[in-house]
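Since the structure comes first, as structure tokens, the remarks are kept for the end.
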Amino acid sequence: MAHRIPVVVQVIEDFSKWYTDVLKKSELVDYSGVRGCVIMRPYACSMWENITSILDKRFKEIGVENVSMPMFIPESMLQKEKNHIEGFAPEVAWVTHGGQEELTERLCVRPTSEVMFCSHFSRIVNSWRDLPKLYNQWCSVVRWEKSSRPFLRSIEIHWQEGHTIHESPGEANDFSLKILNIYKEFLEEKLCIPLICGKKTESEKFAGAKITYTIECMMKDGKSLQTATSHYFGNEFTKVFNVKFQTKENKSDFAYYTSWGITTRTIGAIIMVHGDKDGLVLPPDVAPIQIIIIPIKDSNEVKFKVSEVFNLLRTKYRIKIDEKEESVGCKFANSELRGIPIRIEIGPRDISNNVFVLVRRDNRKKEICKFETILEKIECTINDIKLNLYNSALKRFNSNILNLNSLEEFEKTARIRDCFIKSYWCGSEKCENYIKDKFGYGSRCIPFEENIEEGSCIVCNKKCDTKLYWAKSY
């Protein structure tokens with residue numbers, strides 16, 4: 001029987017402590033000497049590398065190019081866009097000294113790079129022939145959060161930030177939505193996470209943006225995690241930085257701007273959507289190790305067969321042999337803790353019967369398989385794991401979305417559970433704040449839906465045709 005590496009608490013007992021315990025025991029992070037800045041250990045870095053590899057390829061397929069911007073922004077440059085800096089002012093970290101000398105101008109450690117990109121665009125764009133510019137960078141940013149939690153809310157955030165400029169508002173807005181769809185496909189198909197797409201309310205949109213498109217995912221405790229955003233700015237931002245171009249009609253116009261990003265929050269989402277009482281449960285496409293082979297006996301016969309299987313699979317899958325000097329039970333438990341999608345067990349009896357044991361992490365099903373079927377069996381199993389992870393999460397997702405029509409129902413629900421609540425909303429910030437202040441449920445997004453029949457705002461009863469998702473969030 002497998003020896004379990006204990007997770008301190010069960011998921012349903014204390015979700016927050018469970019999350020922290022899984023982070024530590026699965027060796028994803030270590031805490032550094034700086035509050036809110038964690039050390040991403042090799043296993044977490046490998047997950048992030050797999051995530052970045054998939055997304056970087058998708059971005060390049062639509063013409064996006066990678067660049068690298070400085071991490072320091074002069075204060076005078078940051079102050080140019082009033083709404084933008086006001087949105088970030090409480091979270092900005094400042095550099096005031098270089099060595100022993102006080103700087104003549106403070107430097108901001110970038111919380112995001114809109115001003116730097118627009119300043120650059122103003123120097124390199126002259127004509128419509130120079131457009132569009134589709135840029136992205138993989139980097140880290142700093143936001144001085146009051147409280148932090150690894151991968152969910154950190155002072156230093158690892159992410160990608162895309163910045164593009166276009167000839168027309170329609171082209172820019174369409175590109176914002178195209179990026180949102182890439183994020184949506186990635187989260188659903190690669191991370192096996194169901195989600196809601198929509199627009200942020202005016203009070204919740206990104207500082208300086210005209211429209212913020214968002215993807216909201218539901219964690220196992222019923223709370224929301226914003227996992228990706230894409231912003232359409234119009235040309236107000238480019239006017240500030242004088243990003244002009246000569247049009248085809250030989251007129252002067254300001255470019256239309258977008259920015260968009262996804263972060264290591266995706267790792268937190270994977271943990272909190274798929275994890276269980278024994279640790280991580282990783283989607284195969286981003287798992288650092290997709291297959292672990294565990295020899296059941298240390299013999300030449302077993303070593304030879306294990307090596308044969310390893311060499312057969314290594315060209316297509318991320319695979320490892322567990323050769324540690326530990327009991328088989330400990331190896332089983334460790335593979336489960338780390339969320340490895342497939343475990344292959346090979347022992348002398350298996351070899352004599354020309355079979356191997358295949359164990360899935362998602363549902364723990366164990367199957368005896370013929371060696372000659374291993375390639376097709378592994379491919380089929382990985383596809384089925386992805387489908388099962390998504391469907392399991394979707395079932396929980398759907399069961400935790402409630403359509404409510406009255407404050408009495410809202411209050412009763414908010415007292416007993418965390419979930420997504422969908423209701424009519426009149427568009428008033430006053431009504432939006434009422435729900436947040438009274439129940440602790442913030443507005444998450446206005447979903448992309450058409451032909452909504454008219455109803456009554458859940459707060460003021462005013463007739464309206466807009467629905468809004470509410471939830472507690474990370």
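The values are calculated or read from the model by the stated rules, or taken from the named source; none is laboratory data. From a predicted model like this one, the values you see are computed outputs, not experimental measurements. Ideal geometry is used to build each Cβ from the backbone, glycine not excepted, and the neighbour counts take in all protein chains shown. Areas reflect the complete protein model, heavy atoms only, side chains present, ligands, DNA and RNA absent. Shrake-Rupley method; radii C 1.70, N 1.55, O 1.52, S 1.80 Å.
Overview of results
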{"quantity": "Simple spin-label estimate for Gln79 and Asp253 in nanometres, 7 Å along Cα-Cβ", "calculated": "3.4"}
{"quantity": "Relative packing of peptides 321-329, 234-242, 248-256 - highest average C-beta neighbours within 10 Å first", "calculated": "234-242, 248-256, 321-329"}
{"quantity": "Whole-number Å³ per residue for the convex hull built on Cα positions in region 133-286", "calculated": "130"}
{"quantity": "Between helix 374-399 and the chain: long-axis angle, C-alpha atoms, 0 to 90°, nearest 10", "calculated": "50"}
{"quantity": "Candidates per trypsin sites (Lys or Arg not before Pro) in region 100-202, loop by DSSP, up to 10 other Cβ within 10 Å", "calculated": "Lys146"}
{"quantity": "Those GluC sites (Glu not before Pro) in region 187-222 that DSSP places in a loop and that have at most 13 other beta carbons within 10 Å", "calculated": "Glu202"}
{"quantity": "Cβ-Cβ FRET estimate between Glu185 and Leu394, R0 fixed at 22 Å, reported to 0.05", "calculated": "0.90"}
{"quantity": "Length released on extending from Lys438 to Ala93, taking residue separation times 0.36 nm less the Cα-Cα span", "calculated": "120.9 nm"}
{"quantity": "Ratio Rg/Rh, restricted to region 197-304 and using Cα atoms, in which Rh is the Kirkwood radius", "calculated": "1.29"}
{"quantity": "Relative contact order of region 221-280, defined on C-alpha pairs under 8 angstrom at six or more residues apart (%)", "calculated": "36"}
{"quantity": "Carbon + sulfur, % of accessible area of the chain - ligands and nucleic acids excluded, 1.4 Å", "calculated": "47"}
{"quantity": "Square roots of 5 times each gyration tensor eigenvalue, C-alpha, region 60-133, largest first, Å", "calculated": "28, 14, 13"}
{"quantity": "Local net charge near Leu468, Cβ-Cβ under 9 Å (Lys/Arg +1, Asp/Glu -1)", "calculated": "+2"}
{"quantity": "Cross-link pairs beyond the 28 Å C-alpha cut-off, checked among Lys24/Lys438; Lys17/Lys436; Lys24/Lys303; Lys24/Lys377; Lys199/Lys277; Lys24/Lys200", "calculated": "Lys24/Lys438; Lys24/Lys303; Lys24/Lys377; Lys199/Lys277; Lys24/Lys200"}
{"quantity": "Dimensions (Å) - region 296-336, Cα atoms, principal axes, largest first", "calculated": "27, 25, 11"}
{"quantity": "Furthest towards positive pole of dipole, Cys45, Phe59, Ser76, structure part region 44-123, Cβ charges", "calculated": "Phe59"}
{"quantity": "Between region 226-289 and region 143-170, the alpha-carbon center distance in angstrom", "calculated": "8"}
{"quantity": "Simple Cβ-charge dipole of the chain, Lys/Arg +1 and Asp/Glu -1, about Cα centre, in debye nearest 20", "calculated": "640"}
{"quantity": "Between 0 and 90°, nearest 10: helix 169-185 axis offset from the chain longest Cα axis", "calculated": "20"}
{"quantity": "Lys, Arg +1 and Asp, Glu -1 on Cβ, resulting dipole of region 332-474 about Cα centre, debye, nearest 20", "calculated": "540"}
{"quantity": "Efficiency of FRET between Leu402 and Lys366 - r from beta-carbon atoms, R0 56 angstrom, step 0.05", "calculated": "0.90"}
{"quantity": "Kirkwood-Stokes translational diffusion coefficient of region 76-210, alpha-carbon pairs, 20 °C, 1.002 mPa s, µm²/s", "calculated": "122"}
{"quantity": "Relative contact order [Cα under 8 Å, 6+ residues apart], the chain, whole percent", "calculated": "15"}
{"quantity": "Using alpha carbons only: equivalent-ellipsoid semi-axes of the chain, gyration tensor based, whole Å", "calculated": "43, 28, 22"}
{"quantity": "Stretchable slack from Ser327 to Glu429, in nm (0.36 nm times residue separation minus alpha-carbon distance)", "calculated": "30.7 nm"}
{"quantity": "P(r) tail fraction, region 19-111 - alpha-carbon pairs more than 20 Å apart, %", "calculated": "63"}
{"quantity": "Rounded to 10°, Cα long-axis angle of helix 300-313 versus longest principal axis of the chain", "calculated": "30"}
